[in-house]
Amino acid sequence: PAAVVERGPLRAALRTLGEFGNSRVWCRLMLSPARPEIQLWFGVTWAQPRQLLRLRLEAAATLTGRVDLVSGGPLARPIDRREYPLGGGLVVHTADGAALAVVAPEVFSVSVAPEGVNLTLLRSPHVAHHDPTPAAALPDQPVTDQGWHDFDIRLILGEGATVEAAARLARAML
């Protein structure tokens, strides 16, 4: 269950803790009447070898369009469940014109399905392996992404959820 940790005129916040295997994920959701976004902060102590940590954002309606922020500018991509590199965030749309901008500078890949957005927060493969030696044959080799990680993710809803607004916010968060 989430606990209310701030309740004031400038900001309200909830905090919760989740555990996954030997890993812990703190989540803080913050709302401010002066800002048009929802702020999600995740503090992750990751201790899972060869596993992914994804944040799934379920869509209220079927997603029909997407534009990703990538190096070089916005890029329209298909909604095909495939994982693509990300460079700061993305904007998704529904058939009725609703929009959601997800600004996530620390997230480097995303997949989008008609039902929602999947942000890959962490992956922990072996540091180095290749054919003909599969990773399973190297159980004593180090894996990446272990330890503490911070993620600051902003969600912009409605009319303000534009590619331009997402790009401005992503630059400001760097």
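The values are calculated or read from the model by the stated rules, or taken from the named source; none is laboratory data. Note that this is a predicted model, so its numbers are computed, not measured. Every residue, glycine among them, receives a Cβ derived from its backbone with ideal geometry; neighbour counts consider all protein chains shown. Protein only, heavy atoms only, side chains kept; ligands, DNA and RNA dropped before computing areas. Shrake-Rupley method; radii C 1.70, N 1.55, O 1.52, S 1.80 Å.
Structural remarks
- Kirkwood-Stokes translational diffusion coefficient of region 1-114, alpha-carbon pairs, 37 °C, 0.692 mPa s, µm²/s: 204 µm²/s
- Histogram of C-alpha separations across region 114-161, 10 Å bin width, %: 18, 32, 24, 18, 8, 1
- Multiplying the residue separation of LEU157 and PHE108 by 0.36 nm and subtracting their alpha-carbon distance yields 15.5 nm.
- Protein heavy-atom surface of region 7-142, 1.4 angstrom probe: 58% of the accessible area is carbon and sulfur, with nucleic acids and ligands not counted.
- Mean accessible surface per residue for the chain, computed with a 1.4 Å probe while every protein chain stays in place, in Å²: 56 Å²
- Across the chain, C-alpha contacts under 8 Å between residues 6 or more apart give a mean separation that, scaled by the residue count, equals a relative contact order of 24 percent.
- Of the Cα atoms belonging to region 1-45, the radius of gyration and Dmax stand at 12.0, 38 Å.
- The alpha-carbon atoms of region 45-107 define a convex hull whose volume equals 112 cubic angstrom per residue.
- Stokes-Einstein D (µm²/s) once Rh is taken as the Kirkwood radius of region 59-174 over alpha-carbon pairs, at 10 °C in 1.306 mPa s: 102 µm²/s
- Helix axis angle, 163-173 relative to the chain longest principal axis, alpha carbon, degrees: 60 degrees
- Hypothetical label at ALA98: residues of region 46-88 whose amide nitrogen lies under 12 Å (7 Å Cα-Cβ projection): 58-64
- Calculated FRET efficiency, ALA60 to ARG35, Cβ-Cβ distance, R0 = 22 Å: about 0.55 to the nearest 0.05.
- 10 Å binning of all Cα-Cα separations within region 81-135, expressed as whole percents from 0 upward: 20, 40, 25, 11, 4
- A DSSP coil position with no more than 16 other Cβ atoms inside 10 Å describes the following trypsin sites (Lys or Arg not before Pro) in region 6-89: ARG11, ARG50, ARG81, ARG82.
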